[in-house]
Amino acid sequence: MRKILFLIATLYSFTCLAQIDVRYLYDSNTKTIVLLVRNNTDKLYRLCPFSGQDYYEPGSASFVVLQYKDSNGKVLFRRSFFISEQLPINESTKGKFLFKYGENKYVCDLEKLYEGNINDIYEVDVHVQIEAVSLKDKKDVYKKVIDKTYQFK
């Protein structure tokens, strides 16, 4: 019993220490991905990219890469975008920051983002990279990469 209580206390303390929490949800009915990015600190974070950056390089930006494939594994369509680009125009600037104790929600509709016959898609490879830098201390950097594959039918 002591071991179980110790394990619970240890795991709870580690979850409390997480400065930024990323939750990733997929709804197979609506074919949408929801990213919830929460700042658990009193610091302001900027979600990369840097000003003027227009490329998707691992380790340098918060972005999504979608690869739509047919049943043979052939890539039918590829789409890349910064996560804040999926927000309405009036929220896109706010979506580039993680405010103190705040949470950002990013929704990607996989059907709307596809250019082609939706019936040709067998699966979608999803690569999500989140990188946040504290505006107060530039060395305080958070990075997370999520790779998932979803059957589309």
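Just so it is clear, none of the values below were taken in a lab; they were calculated from the coordinates. On a predicted model such as this, the values are computed, not experimentally measured, just so you know. Here the Cβ is made from the backbone with ideal geometry for all residues, glycine too, and neighbour counts use every protein chain on show.
Below is a table of values for the structure above.
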{"quantity": "Debye, to nearest 20: dipole size of the stretch 57-146, +1 on Lys, Arg Cβ, -1 on Asp, Glu Cβ", "calculated": "480 debye"}
{"quantity": "Gyration tensor verdict on the stretch 79-153 (Cα atoms; rounded if a/c is under 1.5, prolate if a/b is larger than b/c, oblate otherwise)", "calculated": "prolate"}
{"quantity": "Nearest-0.05 FRET efficiency for L76 and K148, computed from C-beta distance (R0 25 Å)", "calculated": "0.90"}
{"quantity": "The stretch 19-151, relative contact order [Cα under 8 Å, separation at least 6], %", "calculated": "31 percent"}
{"quantity": "Against the rule of thumb 2.2 N^0.38 Å, how large the Cα Rg of the stretch 19-151 comes out", "calculated": "1.09"}
{"quantity": "Cross-link partners of K96 among lysines (Cα-Cα below 20 Å; sequence separation of 8 or more within a chain)", "calculated": "K43, K105, K136, K138, K139, K143, K144"}
